[in-house]
1. List every residue pair whose Cβ atoms lie under 8 Å apart, where the two residues are 6 or more positions apart in sequence or sit on different chains, the first residue falls within segment B:63-89 and is part of a helix (DSSP H, G or I), and the second residue, located anywhere, is surrounded by 21 or more Cβ atoms within 10 Å (Cβ to Cβ) and among the aromatic types (Phe, Trp, Tyr).
2. Could you please give the count of residues in segment B:135-157 that are over 22 Å from residue B:11 (Cβ atoms) and touching a residue at least 40 places away in the same chain (Cβ under 8 Å)?
3. Pick from B:552, B:598: which is without any contact (Cβ under 8 Å) to a residue 60 or more places away in the chain, in contact with a Ser or Thr (Cβ under 8 Å, 6 or more places away or on another chain), assigned by TED's automatic domain parsing to the domain that holds residue B:451 and among the β-branched types (Val, Ile, Thr)?
4. Working carefully through the options A:147, A:163, find the one that is within 14 Å of chain B (Cβ to nearest Cβ) and at pLDDT 80 or above.
5. Here's a check for you: in segment B:65-74, which residue that is closer than 18 Å to residue B:402 by Cα and over 15 Å from the mean Cα position of the chain (by Cα) is farthest from the other protein chains (Cβ to nearest Cβ)?
6. Just wondering, is there one or more residues in segment A:4-20 that are touching a Lys or Arg at 6+ places or on another chain (Cβ under 7 Å) and in a loop (DSSP other than H, G, I, E, B)?
7. Return only the number of the condition from (1) modelled with pLDDT under 80; (2) of a type in the set (Val, Ile, Thr); (3) not in a loop (DSSP other than H, G, I, E, B) that residue A:111 does not satisfy.
Amino acid sequence: MEKLTPQAEEILEALWIATVEEKAVGCLLNDLDLGPNESALAELVKLAYVEKRGERLSLRKEGRPEAEMTVRRHRLAERLMMDILNIQGAKGNDQACEFEHLLHEGVDTKICTLLNHPTTCPHGKPIPPGTCCEEARSKGEFGVVPLTELKAGQSGEIAYLALSDGQKMQKLMSMGVLPGNQLELIQRFPSYVFKVGNSQFAVDDTLAREIHIRDLR
Amino acid sequence: MPKEATQPRIVLVGNPNVGKSVLFNVLTGSYTTVSNYPGTSVEVSRGRCRIAARSYEVLDTPGMYSLMPITEEERVARKILLEDRPEILLHVIDARNIERMLPMTLQLIEAGQPLILVVNILDEAERLGMKFDLPQLQQNLGIPVVGAVMKRREGLEELKQAIASYHGPPAPFEAYAADLEEDVARLSVLLTADYPLGARATALLMMQRDYEVEDMVQLEEGEGFPLLQPVLHAIKFSRRVDLNLQISLERKRLTRKMLDGVLQQEIADSPPLSERLSRLCMNPITGVPLLLLVLYFGLYQFVGGFGAGTLVDFLEGTLFEEYLNPAAINFFNGLTDIYWLRELLAGEYGLWTLGVRYAIALILPIVGTFFLVFSILEDTGYFPRLAMLVDRLFKRIGLSGRAVIPLVLGFGCDTMATMVTRTLETKRERVIATVLLALAIPCSAQLGVILGLLSAVPGALMVWLLVMVGIFLLIGFLSAQVLPGENPVFYMEIPPMRMPQLRNVLVKTLTRMQSYFLEILPLFLVASVILWAGKMSGVLDDIVAALSPVVTTLGLPAEASAAFIFGFFRRDFGAAGLYDLQRAGLLSPIQLTVAAVTLTLFVPCIAQLLMMHKERGLKTAVAIFFFVSCLAFGTGWSLNQFLLASGLLA
């Protein structure tokens with residue numbers, strides 16, 4: 001399938017939000033800042049994704065899956081910008097708008113898995129689930145979760161340590177908290193107590209949030 | 001160089017709580033404090049030993065997790081490695097955690113250190129079902145390896161033999177991944193000076209942004225440093241994301257390789273008793289009642305009841321009053337007719353009557369019983385569990401669970417505890433802990449006397465306790481708001497619970513008592529002389545008179561001001577002065593409570609003030625002094641008004 005242009009994706013996205021989330025019957029071209037002869041528009045009409053009646057544009061059934069995926073990519077991009085890269089506010093939005101167009105050919109799946117299949121965007125709107133999300137759910141996979149999400153008695157492999165402060169990282173590493181090591185959570189309250197090898201350690205929730213675990217048992 | 005001419009040195013290094021101090025003690029025959037609490041040795045201990053007719057100097061260092069220091073203790077330990085060239089370096093590890101501790105061995109081999117590995121605590125490891133082939137490990141590592149249970153002196157002879165027959169530093173080090181090696185080589189060829197850690201390890205530490213090492217290199221290389229700097233910056237930049245992690249993973253990979261064929265792990269059966277007890281201590285539902293039990297029996301019953309009650313009654317009431325005092329006073333009076341000399345020796349504030357009697361009959365039994373309880377608890381490994389239990393609460397007052405040790409030690413001696421606050425990680429924590437120690441933590445001598453005093457009046461103890469806890473939390477909370485800086489991060493190793501060993505506990509208690517006694521007796525005597533001089537010259541009366549309006553504002557008899565003046569020379573002096581007042585029947589229940597509260601909060605003793613000055617600097621010490629004085633009298637006044645108005649304790 002021919003890849004859509006970024007402009008066409010933006011139009012689909014706006015239409016999907018208006019139609020599915022705001023229950024409107026299509027949009028006016030004016031609202032989308034579009035002239036009637038825009039090439040992106042012609043592209044979508046040709047694919048039969050949208051229908052243009054005079055000044056009004058509506059999303060066709062055929063265009064829905066593609067539109068939903070563009071919204072998904074946008075919101076995943078927002079999550080990535082704001083949660084992982086820590087770019088907040090308008091700047092985060094702008095970056096997400098540019099970034100979303102790069103999330104093709106399985107990159108969206110990878111990012112979705114990295115973010116552990118988020119269900120909402122940073123603004124609280126739902127992220128339409130992809131096939132990877134459905135799969136993870138049906139297998140009951142936890143993916144990679146911070147230590148704070150474990151129940152007492154659960155154990156798993158240390159996946160990675162989130163890097164916010166080099167010194168904190170070093171403390172953890174010097175205690176044997178290294179990717180690949182097995183960790184068992186003994187207690188959650190009032191501090192997190194865990195076991196790595198034959199040693200036990202207590203950490204507070206600030207540090208516990210930095211330790212990410214996979215393959216929970 | 002003259003340094004070479006001195007005795008050959010043996011230096012002990014290793015993680016906290018692996019038995020370095022035990023090894024030091026059996027090697028040298030002298031005693032350093034051994035404890036089951038990570039990070040207890042802040043100072044470097046020195047001793048001597050003879051092995052195969054050669055005499056060595058032995059250094060015990062604070063625990064360190066790796067050559068990259070994070071805390072103050074680690075910095076102290078690392079400094080020795082950076083500056084000294086030991087003849088032998090003993091790396092002591094805990095056999096149970098060999099996999100976690102070998103990376104540091106590798107790091108030390110990498111640094112070309114003359115290393116012998118001591119695999120300690122083998123007995124507990126074997127109980128966990130671990131089996132070791134140490135000759136194989138020795139072959140893999142290329143350095144002498146000695147298995148040991150040092151607390152029972154097992155392995156001591158083998159170690160001495162290994163030291164006597166030690167030859168040459170370890171074989172060259174096994175390589176890391178090629179790209180990492182390339183960068184290390186690029187940097188280390190530029191190092192021209194002779195570094196105690198070798199060019200390779202020095203280069204690696206610089207790459208890991210160890211600025212202390214970088215400064216040292218800058219000094220050593222002098223004009224060559226600008227040549228090296230761009231290379232260092234380029235490497236640091238290109239590896240900014242994950243160098244530390246990569247190195248850790250490389251060392252982990254090598255550790256696995258070294259342990260190949262060395263370690264067999266059998267599945268251990270159900271968790272042993274100590275593990276179950278450990279969980280009881282850490283679970284808040286059972287842990288808090290356990291803490292209260294420990295406080296009740298340990299502090300209230302044993303220190304307050306037995307130490308401050310039974311023992312003091314015997315020493316002070318029976319031994320001194322009935323036997324020693326009359327004889328001593330007779331003896332001193334027989335020596336001289338001169339009034340002022342008689343007063344100095346055996347008068348009201350005389351050296352004998354005030355100095356020696358208070359120190360031996362009042363203070364020593366109380367401090368001794370406290371240190372006994374403290375040492376027992378320390379050896380069981382209870383304190384780290386207490387630290388994790390209170391961490392959440394302590395965060396509210398700007399401290400982390402780590403601060404539990406200085407604060408608990410404060411109940412023994414605030415001066416000692418103020419010194420120990422240096423193990424806390426941030427300046428903010430150290431200042432808050434110092435304030436709280438100066439203010440709301442009564443030392444054991446004071447505590448003992450106050451518990452004894454107040455238990456006579458129902459309700460008074462409860463009021464005192466509530467005020468202390470309230471002030472502690474309130475001032476902690478407020479200083480956490482006022483002082484800039486972030487909340488500390490808490491992490492702590494939880495060592496296994498152990499049965500305390502009688503000999504260890506006794507030796508530790510006696511060592512602590514000895515150092516406390518050596519520290520206080522001179523101060524008591526000095527204080528006696530000052531008070532005597534004050535009395536003789538009339539200055540004391542003037543000061544007491546000057547303080548009287550303040551004291552009477554609190555609703556206390558004017559005589560109490562003497563107790564406050566004493567209190568400054570020694571906190572427990574003040575409390576003991578109060579004791580005399582109460583015996584003379586000069587205090588009503590309200591007055592007693594108000595006096596006890598004010599005195600507990602009041603200015604720390606002169607020794608603690610000096611220690612605050614040493615540890616925190618003049619400005620902070622003076623500020624804390626004034627703050628504490630104002631708050632003490634302010635609280636005393638408010639409490640008096642409140643008690644009078646409410647009719648409580650009347």
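The values are calculated or read from the model by the stated rules, or taken from the named source; none is laboratory data. Because the structure is predicted, anything quoted here is derived from the model rather than measured. In this analysis, Cβ positions are derived from the backbone assuming ideal geometry, glycine residues included, and neighbour counts consider all displayed protein chains.
1. B:74/B:65
2. Selection size over segment B:135-157: 2.
3. Working: B:552 fails: in contact with a Ser or Thr (Cβ under 8 Å, 6 or more places away or on another chain).
So the residue among B:552, B:598 that is without any contact (Cβ under 8 Å) to a residue 60 or more places away in the chain, in contact with a Ser or Thr (Cβ under 8 Å, 6 or more places away or on another chain), assigned by TED's automatic domain parsing to the domain that holds residue B:451 and among the β-branched types (Val, Ile, Thr) is B:598.
4. Of A:147, A:163, the one residue that is within 14 Å of chain B (Cβ to nearest Cβ) and at pLDDT 80 or above is A:147.
5. Filtering segment B:65-74 for residues closer than 18 Å to residue B:402 by Cα gives B:65, B:69-74.
Subset that is over 15 Å from the mean Cα position of the chain (by Cα): B:65, B:69-70.
Details: B:65: 4, B:69: 10, B:70: 6 Å.
Looking at the filtered set, the residue picked out is B:69.
6. First pass over segment A:4-20, keeping only residues touching a Lys or Arg at 6+ places or on another chain (Cβ under 7 Å): none.
Scanning segment A:4-20, I find no residue that is touching a Lys or Arg at 6+ places or on another chain (Cβ under 7 Å) and in a loop (DSSP other than H, G, I, E, B), so the answer is no.
7. (1)
Residues are listed down the side, and each one gets a yes or a no for (1) assigned to a helix (DSSP H, G or I); (2) without any contact (Cβ under 8 Å) to a residue 40 or more places away in the chain:
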| residue | (1), (2) |
| --- | --- |
| A:25 | no, yes |
| A:34 | no, yes |
| A:37 | no, yes |
| A:58 | no, no |
| A:65 | yes, yes |
| A:70 | yes, no |
